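Down below is the structure, laid out as structure tokens.
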Amino acid sequence: MKKSMRFGAAIALAATASLTLASCGFGGSNGDEGEGGGTTLDLLVPSYSDNTQALWDDVIAGFEEENPDIDVKLQVESWDNLETVISTQIQGGEAPDIYNGGPFAGFAADELLYPVEEVVSAETLSDFQDSFLANAEVDGTAYALPFIASARALFVNNALLEQAGVAEAPKTWDELLDAATKVSALGNGIAGYGMPLGSEEAQAEAAVWLWGGGGTFGDADAITIDDPSNLPGAEQVKAMIDAGATQADPGSTDRSPLMDIFIQGQIGMQVGLPPTVGQIEENNPELDYSIVPIPTQDGSPFTLGVMDQLMAFQNDGDKQEAITAFFDYFYSSDVYVPWVQGEGFLPVTKSGAEALGGEEALKAFLDVLPDAQFYPSTNPQWSAADSAFKALFGQIQTKSAQEVLTEIQAQVDAS
């Protein structure tokens, strides 16, 4: 899932944008009343796939049927435009009532959002996975509702490992290095481990390794990339590259095209996402693969969790009840689960995880979901850290691990 930037940075971006308020969606601030004299809710969301518009249309149709006095106006934007649109609307006093985005701490700091306990029932609130709800808190108060989740697991080409003489999927770094080196030795363009350190999502691959060795990116108070606990993971990344266990030039390789190569059967192992299951089914259903926990330094399982959020802007106190009605409706299992399935992500609710518990392809992800670790996205400097990883972490193939961590930290500190 792509993530939106912090409010302050979004405002700076919007100041240089050529968009006009008239082009940004909801049209004026006179939309509080629907055609029948009821309440209008403006809903701004990003497009996750070609399914997004239709999935939301179905949700809205069902909600309006049960709540005829509430009209929901949907605006779907690309992720490339979303940050500019939301900041421009806020500047113009036209913030949406409900917004689906990523980092929210900047909005909360500017006192633009409702605390979630004011716009959702206690029953709905208690249904969220505890670790996900905690990741939506600022100073102990949640200002966003977990929306959809993604977790990581290791996708393994069983046939390639068998051909290379590897008996079982690795659980530790040592086992992974050994297995990946043997698979790479098969030749013919085959890589043992797919390591995407390019600008698309270098921060995610970095987290897999740094956190897998006991490291941390910090918390809401401090970003700590240049921390001694991160060095073992960074050095293991370099060891994998130096041993020839990865594809060529990992520093400039992005995740999405690299996963396409895994799906084609040319990579032994690569960390992937739940939607990867559907991509394999569509593009190479004969692929002999399995999904296992991500190997770590000592074999302790963990996963990188990423979630997007739904948040409610405090535009009009008269809309609070309507917002609550919408959230409670959307997160009911029979509405929420089909939406999540339609986009290929993971549910953030306990009832959703239970409903999908029988999906064998998702089991490896759902099993680790309650203990997911997250980016420190409530820290205002996380946006700078995210950018620094994307720009600098790939240089680890030519620089020392310590040097790269130091440079990333320096870029964060200068932000």
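The values are calculated or read from the model by the stated rules, or taken from the named source; none is laboratory data. On a predicted model such as this, the values are computed, not experimentally measured, just so you know. Glycine gets a Cβ as well: all are built from the backbone with ideal geometry, and neighbour counts include every protein chain shown.
Provide a single number: the residues in the stretch 148-166 that are modelled with pLDDT under 95 and of a type outside the set (A, V, I, L, M). Within the stretch 148-166, residues that are modelled with pLDDT under 95 and of a type outside the set (A, V, I, L, M) number 2. Considered as a group, the residues in the stretch 157-171 that are hydrophobic (A, V, I, L, M, F, W, C) and assigned to a helix (DSSP H, G or I) include one that is nearest to N188 (Cα to Cα), and that residue is L160. Within the stretch 330-338, can one find any residue that is outside any helix (DSSP H, G or I), of a type outside the set (F, W, Y) and more than 20 Å from the chain's Cα centre (by Cα)? Yes, the stretch 330-338 contains a residue that is outside any helix (DSSP H, G or I), of a type outside the set (F, W, Y) and more than 20 Å from the chain's Cα centre (by Cα).
Here is a yes/no grid of residues against (1) more than 25 Å from T181 (Cα to Cα); (2) at pLDDT 95 or above:
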| site | (1), (2) |
| --- | --- |
| T224 | yes, yes |
| D242 | no, yes |
| L258 | no, yes |
| Q264 | no, yes |
| P293 | no, no |
| S300 | no, no |
| A312 | yes, yes |
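Looking at L369, L362, L405, L356, which one is without any contact (Cβ under 8 Å) to a residue 24 or more places away in the chain and either among the aliphatic types (A, V, I, L, M) or surrounded by 18 or more Cβ atoms within 10 Å (Cβ to Cβ) (or both)? Going through L369, L362, L405, L356 in turn, just one is without any contact (Cβ under 8 Å) to a residue 24 or more places away in the chain and either among the aliphatic types (A, V, I, L, M) or surrounded by 18 or more Cβ atoms within 10 Å (Cβ to Cβ) (or both): L356. Residues of the stretch 317-333 that are among the charged types (D, E, K, R), out of contact with any helix residue (DSSP H, G or I) (no Cβ under 9 Å at 6 or more places or on another chain) and either under 22 Å from T52 (Cβ atoms) or surrounded by fewer than 16 Cβ atoms within 10 Å (Cβ to Cβ) (or both): D318, E321. For the residues A322, A312, the requirement of being under 16 Å from T40 (Cα atoms) and under 20 Å from the mean Cα position of the chain (by Cα) singles out A312. Kindly indicate which of T349, T398, T378 is in contact (Cβ under 8 Å) with a residue 12 or more places away in the chain, surrounded by fewer than 16 Cβ atoms within 10 Å (Cβ to Cβ) and polar (S, T, N, Q). Result of the check over T349, T398, T378: T398. From the set of residues in the stretch 213-245 that are in a helix (DSSP H, G or I) and touching a Gly at 6+ places or on another chain (Cβ under 6 Å), which is nearest to M195 (Cα to Cα)? Checking each candidate, the answer is G233. Residues in the stretch 266-279 that are modelled with pLDDT under 95 and of a type in the set (V, I, T): T276, V277. Among the residues of the stretch 269-320, those identified as under 25 Å from V368 (Cβ atoms), of a type in the set (G, A, S), outside any helix (DSSP H, G or I) and in contact (Cβ under 8 Å) with a residue 40 or more places away in the chain are G272, S290, G299, G305. Before we move on, is A248 in the same structural domain as D174 (by TED's automatic domain parsing), assigned to a loop (DSSP other than H, G, I, E, B) and either surrounded by 14 or more Cβ atoms within 10 Å (Cβ to Cβ) or in contact with a helix residue (DSSP H, G or I) (Cβ under 7 Å, 6 or more places away or on another chain) (or both)? In short, no. Within the stretch 70-110, restricting attention to residues that are touching a residue at least 60 places away in the same chain (Cβ under 8 Å) and acidic (D, E), the residue that is surrounded by the most Cβ atoms within 10 Å (Cβ to Cβ) is D97.
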